[in-house]
1. First select every other residue whose beta carbon is under 14 angstrom from the beta carbon of B:Glu183; then total the charges, Lys and Arg +1, Asp and Glu -1.
2. List the lysines whose Cα lies under 22 Å from the Cα of A:Lys11, skipping any in the same chain that are fewer than 8 positions away.
3. Would you mind pulling out the separation of the Cα centroids of the range B:123-139 and the range B:43-80, in Å?
4. In debye to the nearest 20, how big a dipole does the range B:23-298 give about its Cα centre with +1 on each Lys and Arg Cβ and -1 on each Asp and Glu Cβ?
5. Can you tell me the dipole magnitude for chain A around its Cα centre, using point charges on the Cβ only (Lys, Arg +1; Asp, Glu -1), in Debye to the nearest 20?
6. How high is the relative contact order of the range B:23-298? Use alpha-carbon pairs under 8 Å, at least six apart in sequence, and give a whole percent.
7. Could you tell me the distance between the Cα centroids of the range A:193-231 and the range A:6-79, to the nearest Å?
8. What trypsin sites (Lys or Arg not before Pro) does the range B:60-151 have in DSSP loop regions with at most 15 other beta carbons within 10 Å?
Amino acid sequence: MSAPSVAKTPKLYLGGAFVRSESGRVYPLGLVNVPRASRKDLREAVRAARAAVPGWSHRTAYTRGQVLYRVAEMLEGRRVEFIAALGGGRASGREVDRTLDALVYYAGLADKLAQLGGSVNAVAGPYFTFTVPEPVGVVALVAPEAPALFGLLTHVAAALSGGNAVVALVSERRPLPGLLAGELLATGDVPQGVVALLSGLRTELVPQIGSHRDIDAVDSAGCPPELRRELERLAADRVKRIVPASADGTSPGHRLALATCELKTIWHPVGV
Amino acid sequence: MAAMTAGVAPPEVALPGPALRSVDGVGAEARAQLFASRSIKRGAKRWALDLIVRCTDLTSLEGADTPGRTATLCAKALRPDPVDPAVPPVAAVCVYPALAEPASRCLRGSPVKVAAVATGFPSGQVPAEVKLAEAAAAARVADEIDMVMDRRAFLCGRYVEVADEIAAVKAAIGGRHLKVILETGELGGYDQVRRASWLAMAAGADFIKTSTGKIQPAATLPVAVVMLEAIRDFAEATGRPVGFKAAGGIRTARQAIGYAVAVNETLGGAWLNPVRFRIGASSLLNDVLMQIAKERSGAYQAPDDFSQT
């Protein structure tokens with residue numbers, strides 16, 4: 001006798017809550033109706049992210065690392081479910097393992113980012129300067145289409161480890177693992193509003209990300225080539241930083257975390 | 001009831017009649033819900049946003065206010081959005097009496113009025129002669145006086161005292177525009193709100209105003225609906241139109257549009273102007289400016305691009 005199955009209705013993860021699109025729209029994907037986020041959903045996500053930036057960026061880097069580690073714990077506990085969401089099989093298992101590795105990597109990186117990205121600079125004068133990375137603020141992420149889970153969480157964790165808040169567009173063709181990841185973040189002590197996960201059409205949302213004036217940087221990892229020019233043109237209005245898609249797809253590394261940080265240089269007199 | 005208010009009502013006002021009709025609270029809340037969820041888009045939205053700017057009393061009531069800060073506030077009142085000359089100036093700047101002088105210097109020759117709070121704002125717990133002296137002093141500089149109703153007397157049931165005080169302040173300020181703050185959050189119910197509204201209007205208020213903004217709950221839409229219906233009934237009974245000012249806790253353009261819709265649908269378009277409708281706010285203005293810029297440019301705006309006063 002087979003267990004009765006309950007079909008899951010995916011929802012957006014927005015402001016710490018699981019909600020349908022404000023527009024009520026969906027796009028069909030097999031038997032599932034995936035929410036199709038509107039520009040107003042994006043606006044609400046950015047508003048929540050902006051409100052969450054001071055709290056999150058002022059936590060100690062150590063605490064941010066602990067939170068990311070907790071997200072990894074949550075993923076490990078629900079390994080089987082995520083493998084199924086990715087389609088099952090050995091490849092899915094490997095993707096979950098790589099995602100776990102990436103989360104643990106960025107958990108550990110959080111309180112080492114200043115050492116890797118910062119420096120003490122020798123200058124010709126009776127003082128020196130030092131440089132520290134600081135989060136840009138609200139990062140919009142166009143997550144890679146594939147791998148759906150690893151691509152999303154690697155880029156989210158990279159931005160979070162530096163102290164940013166992230167509004168992410170999950171994979172358009174395979175949104176379910178990404179939307180499910182909202183449950184990891186919600187139960188993994190990531191404060192409300194720090195991450196939003198939106199599903200929807202990139203042709204509709206990428207230009208909105210470009211023109212929204214309260215987004216500080218765009219991680220364009222999964223931006224479709226045909227939208228890139230428009231994204232860059234719109235982002236230029238506010239001199240918004242565009243993190244380009246990396247040449248080798250997605251690989252975790254401290255440069256990805258530093259890509260969403262500003263480098264602040266501070267003057268300091270010697271011997272005082 | 002009639003005996004309590006009889007002393008204050010002008011003879012032509014029939015009491016109790018509509019004055020003390022009890023309020024259907026559930027109905028008021030349901031109506032408020034309808035007003036709040038009305039969809040106002042495009043041309044109508046642009047018009048509404050413009051109206052809200054024109055009806056704003058830009059307010060700063062802090063202990064830390066200085067003439068310098070007041071001057072900044074006045075500059076913002078005159079030209080809310082420096083990059084968009086199409087945005088009109090606000091209706092008035094609302095400050096403590098001690099800052100009315102610097103405000104009036106900054107606003108001289110402009111259409112923007114100076115409003116000063118008086119009579120022991122926000123609690124009103126000061127001796128009667130102090131209230132009158134404060135109101136009279138403020139009226140020497142300010143165009144409009146926002147007085148607080150005496151809630152102590154009101155809640156003790158001494159309605160005549162409340163009305164007499166309003167009438168005395170009205171006389172003391174010599175023809176200046178008088179707004180009476182009911183502080184509805186302290187009155188304890190819709191019936192009381194209606195009673196206080198009627199009392200203030202009968203005693204000579206030019207405007208009735210929801211709250212000081214210093215206590216919670218401040219302005220809420222259901223309370224506004226009750227006050228607006230009182231204004232409508234009062235205008236029907238006496239022929240005198242009284243203005244309405246919502247203040248306290250109104251932070252978003254959407255909320256403010258809800259109030260404008262309530263005014264329009266309860267009192268009609270004749271009230272949709274700064275002579276009869278005001279919104280007292282500080283942070284609201286920036287949200288409205290962001291919405292106007294959004295309507296103009298199509299892009300969502302960043303709060304950092306708008307001056308914080």
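1. It works out to a net charge of +4.
2. Within the straight-line cut-off, A:Lys11 pairs with A:Lys40.
3. 26 Å
4. On the way: 34 positive and 28 negative charges, 175 e Å.
Once rounded to the nearest 20, the dipole reads 840 debye.
5. Values: 31 positive and 25 negative charges, 86 e Å.
The dipole magnitude comes to about 420 debye.
6. Values: 522 pairs, mean separation 56.8, N = 276.
Reported relative contact order: 21 percent.
7. The distance from the Cα centre of the range A:193-231 to that of the range A:6-79 comes to 15 Å.
8. Working: sites: B:Arg69, B:Lys76, B:Arg105, B:Arg108, B:Lys113, B:Lys131, B:Arg140, B:Arg151; in loops: B:Arg108, B:Arg140.
Sparse-neighbourhood loop trypsin sites (Lys or Arg not before Pro): B:Arg108, B:Arg140.
Where a number appears in this text, it was derived from the coordinates with a stated rule and is not lab data. The structure presented is a predicted model; accordingly, all values stated were derived computationally and were not measured. Cβ coordinates were reconstructed from backbone atoms using ideal geometry, including for glycine residues, and neighbour counts include every protein chain displayed.
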